[in-house]
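Worksheet: one structure, shown below.
Quick note: the coordinates plus some simple rules give every number you see, no bench work behind them. Since the model is a prediction, treat every value here as computed from it, not as a measurement. Cβ coordinates were reconstructed from backbone atoms using ideal geometry, including for glycine residues, and neighbour counts include every protein chain displayed.
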Amino acid sequence: MKNTSKIITIFLAAVLCFSGCAAPDYSASKQLKVSVQNDMPTSDITMMSDKYAVVKYDSELNDSKYSDTYSTLLINDTTNTPEVVKDVHKLIYPASMTKLMTGLLVIESIEAGTLSLDEEVTLDRTVTFDDWGAVASPLTVGCKTTVKDLLYGLLISSYNDCAVILSELVSGSESAFVEAMNTRAKELGATNTHYKNPHGLHDDGHYTTAYDLYLIFKEFTSHDLAYVIDSTSSYTFQYKDPSGNSCSEELEPTNGFMTGEYQLPSGFSIGSWKSGTTMQAGHCLIVEFVNNSTGDKFFAVCAGNVDRDALYGHITDLIKTSK
């Protein structure tokens, strides 16, 4: 099962690379019957500026290196200052960056005491998807695992079935959880975000913006458990099969900096992060990092890249820009 998941992942990457000559298709967004907020009231800017970096609509800043990305944002979180801004209020498909909100709601439930990391979960069905490229855990009906392992599977290896299982644990049903996701997004000021599922597999009505992602991500990173999970370079995912046999597999982060596939610029360290890739969204990454010499913390978002090399090249440029 583990090898099958890896084969699917590799095949998906190959298809994405093959189609990398074309930019991600956001044409469906133009057909969405949504009300995108075209300006932010002055009162909201004043209210948010103490906690967040405020980026006004139609603002562009130091974006010349990122003409081949769909949306790019770099914010100095220490000073709440935007440093790179490109199309950050345009609608994008978040792909698996969706799981930041899923993880946030799960972590908030754990902190509230309504869910426990050690709680054992028995699957009443095998979670499947219509999307052939959907990466999933080895869990099948009758398997047992814990909330902790599901959460690590969600955030480290981006297992889509873990998102569904966790959503049902928190809210009783996936649809109720999605409703809670949309409510929480609005509470955080992410007014141009709309979720249709807890995992990020494509749906034309499932969208966000780079700026909304920053707002959601900043809240996500304020929770210690999120940082503990995201700082993990490997994790042993444990479960029992339907016969009660103990099983495990090693999770590998989807972040190329964490695996060593791409070299993080010297003098910096990574905090929380989440990657996302679909045919419609392109290659995306949101990452928190620290300039070790100054202690300044930054948030970077880069969405709609044509391939993985382009994504990590642009993120590397953003990190170097922060010096």
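Shape call for the stretch 94-158 from the C-alpha gyration tensor, a ≥ b ≥ c root eigenvalues: rounded (a/c under 1.5), prolate (a/b greater than b/c) or oblate?
oblate
Sort the following peptides by mean Cβ neighbour count (other Cβ atoms within 10 Å, averaged over residues), highest first: 310-320, 286-296.
Highest to lowest by the protection proxy: 310-320, 286-296.
Need one word for the stretch 127-166: rounded, prolate or oblate. Basis is the Cα gyration tensor (sqrt eigenvalues a ≥ b ≥ c); a/c below 1.5 gives rounded, then a/b vs b/c decides.
Details: a/c = 2.19, a/b = 1.27, b/c = 1.73.
Note, shape of the stretch 127-166 comes out oblate.
Take the eigenvalues of the Cα gyration tensor for the stretch 244-323, scale each by 5, and report the square roots as semi-axes in whole Å, largest first.
One finds semi-axes of 25, 18, 10 Å for the stretch 244-323.
Anything over 22 Å Cα to Cα? Flag those among K56/K196; K51/K297; K144/K274, in the order listed. Could the numbers behind the result be given before it?
Details: K56/K196 27 Å; K51/K297 14 Å; K144/K274 26 Å.
Beyond 22 Å: K56/K196; K144/K274.
Relative to the compact-globule scaling 2.2 N^0.38 Å, provide the ratio for the alpha-carbon radius of gyration of the stretch 182-297.
1.26
What ranking do 122-133, 185-196 get when scored by the average of other Cβ atoms within 10 Å per residue, highest first? Walk me through the numbers before you get to the answer.
Details: 122-133: 13.1, 185-196: 18.8.
The peptides rank, most packed first, as 185-196, 122-133.
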